[in-house]
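Encoded as structure tokens, the structure appears first; notes follow it.
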Number of protein chains: 2
Amino acid sequence: MSRVLIIGGGGMVGQKLAARLLHDGLPGHNGLEITLFDMGFSPAGVAGTTQIIGNISEPSTSAKLIAERPDVIFHLAAIVSGEAETNFEKGWQINMMSMWHLLEALRHEHGLSGGSYTPRVVFTSSIAVFGGPFPDKINDEFLSAPQTSYGAQKAICELMLSDFSRKGFVDGLSLRLPTICVRPGKPNLAASSFFSGIIREPLNGQQAILPVPDTVRHWHASPRAAAGFLCHAATLDTALLKGRRALNLPGLSCTVAEQIEALRGAAGQKAVDLIVAKPDPAIMAIVSGWPRDFDPKRAIDLGFKAETRFDEIIETYIKDDLPKPAT
Amino acid sequence: MSRVLIIGGGGMVGQKLAARLLHDGLPGHNGLEITLFDMGFSPAGVAGTTQIIGNISEPSTSAKLIAERPDVIFHLAAIVSGEAETNFEKGWQINMMSMWHLLEALRHEHGLSGGSYTPRVVFTSSIAVFGGPFPDKINDEFLSAPQTSYGAQKAICELMLSDFSRKGFVDGLSLRLPTICVRPGKPNLAASSFFSGIIREPLNGQQAILPVPDTVRHWHASPRAAAGFLCHAATLDTALLKGRRALNLPGLSCTVAEQIEALRGAAGQKAVDLIVAKPDPAIMAIVSGWPRDFDPKRAIDLGFKAETRFDEIIETYIKDDLPKPAT
């Protein structure tokens with residue numbers, strides 16, 4: 001039996017990941033005991049997991065969480081981009097210092113174990129580590145020059161995790177997730193929230209605000225693909241990474257206009273008519289500094305997989321997450 | 001009168017910088033009051049400066065140091081690469097956490113000033129932020145994927161300084177210095193120490209150890225060039241950086257064999273005979289992960305200048321630093 005800890009396990013991706021791990025297990029692990037840690041959980045929850053509530057930015061929290069030496073740790077907890085931009089102090093404490101406390105706790109535990117405890121740590125980074133000007137496609141050697149606090153914090157966590165891994169205290173890798181779309185549930189404070197909203201709300205018969213021009217191009221993957229990336233990373237042979245432990249993941253590049261066309265194909269003009277253009281300069285300023293397209297050769301060669309058409313992303317949302325009408 | 005604070009002002013580059021600032025001043029500043037901070041100072045010192053002794057990794061130190069609101073802050077303090085590799089904890093505390101405490105103190109002071117205090121912060125980063133495999137020449141868009149703790153810590157400080165600058169708390173930039181050669185004085189714990197040793201010791205009639213093959217290629221600039229970079233950065237218009245506040249600086253790419261040929265030209269075969277090959281796998285492992293050549297177009301366009309031949313670097317050492325025989 002192997003132990004899995006999901007920090008940020010109450011969030012959307014954490015819940016998808018937990019459900020998938022329960023269903024599929026992990027290659028090479030004979031059964032999984034899954035613990036989810038977060039500030040809070042929705043009442044529904046994922047049956048068959050243990051839930052722990054707490055604050056990951058407390059220095060002592062990490063030590064308690066890892067006392068039972070989980071074999072695989074997913075670190076998904078973060079303040080989202082929009083909030084990290086408006087609440088500078090909170091962003092740095094939760095997005096950066098939490099990783100530092102976690103890694104220091106793991107290094108301490110590694111020492112206590114006489115060097116035998118070296119868990120796999122999978123960290124969800126972001127394409128926000130990149131800042132413009134961009135090439136048409138960002139390749140695997142393009143610099144990380146973030147233009148948001150969120151991006152800077154994620155880039156710093158990648159560097160910490162790489163160095164603690166190089167020294168053998170942990171065995172980590174960082175996944176630069178595309179924007180996850182279509183997110184189920186409610187809008188959140190992420191500046192990217194509308195990319196999901198303009199699909200999700202119309203499919204649920206509700207109005208959606210589009211705060212940017214429809215020429216905006218962006219990089220997407222579904223929640224199902226995100227859970228797949230994380231599971232794949234949990235058992236990947238990290239020797240194949242050759243010391244570069246941050247990966248640009250596969251995704252799908254499309255414009256907002258192309259997203260809207262795919263929505264029209266799936267749900268007709270009636271759905272499209274629910275999208276209301278309402279330009280928001282603050283969101284546009286953040287989004288205009290984000291990447292638009294990638295050539296993620298390393299991750300594809302390492303076996304990471306994502307959707308190739310936005311139609312598929314909408315189909316995945318309808319299948320996995322669209323609330324079914326009461327019957 | 002402007003105030004200048006040099007953190008790490010007791011080190012070799014800090015002393016060169018202080019002497020140069022005293023001699024040349026800074027454009028746009030009508031006189032300079034210079035304060036040097038370090039763990040200790042050589043008895044000689046730089047006349048006309050104030051010296052303060054302390055430990056920059058103490059969280060309260062930064063607040064005290066900046067209480068008088070220096071206009072320009074040079075942050076040069078660091079544990080060198082070899083020591084950061086062997087003393088993991090000390091490296092992270094001094095090389096990373098000190099920058100965090102300094103920036104937080106400056107953000108606090110910025111708030112107290114009602115937003116009017118936004119000092120220039122010049123940070124000495126390093127080409128150790130890069131890790132192999134490398135292109136023949138590293139351009140200004142090549143990723144930072146360090147393979148040493150020192151490199152990771154420097155890369156993290158760059159990201160912090162950029163984000164605190166983007167938010168307007170400070171006005172900072174990071175200079176990725178080439179290896180400084182020929183360093184005067186004694187060997188230090190840096191893995192790069194021998195690059196200076198094989199020139200300096202023979203010019204002083206002493207034996208020098210060469211721990212790597214003479215085919216090793218590396219990237220150099222003189223202490224005089226380093227002081228010049230720092231002074232140039234102190235008054236550069238940072239709007240020209242367009243949000244990318246870490247710069248690869250100009251330098252000189254040459255092999256150890258070419259260094260030795262230049263030594264032969266300057267001091268003859270007798271000097272070259274003092275170099276003793278004694279391979280050291282630990283040093284070779286670190287150095288083999290370092291960059292060899294750059295195309296630092298941005299920094300050159302911004303007016304940073306360095307030597308173009310290793311002969312010049314030796315001439316600079318002889319003129320600026322070679323102890324004169326007693327007469």
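The values are calculated or read from the model by the stated rules, or taken from the named source; none is laboratory data. Note that the structure is predicted; figures quoted are calculated from it, not measured. Here the Cβ positions follow ideal geometry from the backbone for every residue, glycine too, while neighbour counts run over all protein chains shown.
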Give region A:267-287 a look and list any residue that's of a type outside the set (Val, Ile, Thr) and either crowded, with 17+ Cβ neighbours inside 10 Å or closer than 13 Å to A:Ser81 by Cβ (or both), or say none. A:Ala267, A:Ala271, A:Leu274, A:Ala282, A:Ala285
Would you be able to tell me the number of residues in region A:102-150 that are in a helix (DSSP H, G or I), more than 20 Å from the chain's Cα centre (by Cα) and either more than 13 Å from chain B (Cβ to nearest Cβ) or touching a residue at least 24 places away in the same chain (Cβ under 8 Å) (or both)? 8
Look at region B:308-327 and say how many of its residues are out of contact with any Ser or Thr (no Cβ under 6 Å at 6 or more places or on another chain) and touching a residue at least 12 places away in the same chain (Cβ under 8 Å). 13
Regarding region B:186-204, can at least one residue be identified that is acidic (Asp, Glu), in a helix (DSSP H, G or I) and surrounded by fewer than 22 Cβ atoms within 10 Å (Cβ to Cβ)? yes
Exactly one of these conditions fails for B:Trp219: (1) in a loop (DSSP other than H, G, I, E, B); (2) hydrophobic (A, V, I, L, M, F, W, C); (3) under 12 Å from B:Val287 (Cα atoms); (4) under 16 Å from the mean Cα position of the chain (by Cα). Give me its number. (1)
Here are some residues: A:Leu203, A:Leu210, A:Leu240, A:Leu173. Which one is assigned by TED's automatic domain parsing to the domain that holds A:Pro281, over 21 Å from A:Ala282 (Cα atoms) and not charged (D, E, K, R)? A:Leu203
Mind checking which residues of region B:161-171 are assigned to a helix (DSSP H, G or I) and surrounded by fewer than 24 Cβ atoms within 10 Å (Cβ to Cβ)? B:Ser165, B:Arg166
Return the pair list, or none, for Cβ contacts closer than 9 Å from residues in region A:242-266 that are away from chain B (no Cβ under 14 Å) and among the acidic types (Asp, Glu) to residues that are assigned to a helix (DSSP H, G or I) and buried (at least 18 other Cβ atoms within 10 Å of the Cβ), at least 6 apart or on different chains. A:Glu258/A:Phe310; A:Glu261/A:Phe310
Within the group A:Val182, A:Val170, A:Val212, A:Val216, which residue is within 14 Å of another protein chain (Cβ to nearest Cβ), over 17 Å from A:Asp295 (Cα atoms) and modelled with pLDDT of 95 or more? A:Val170
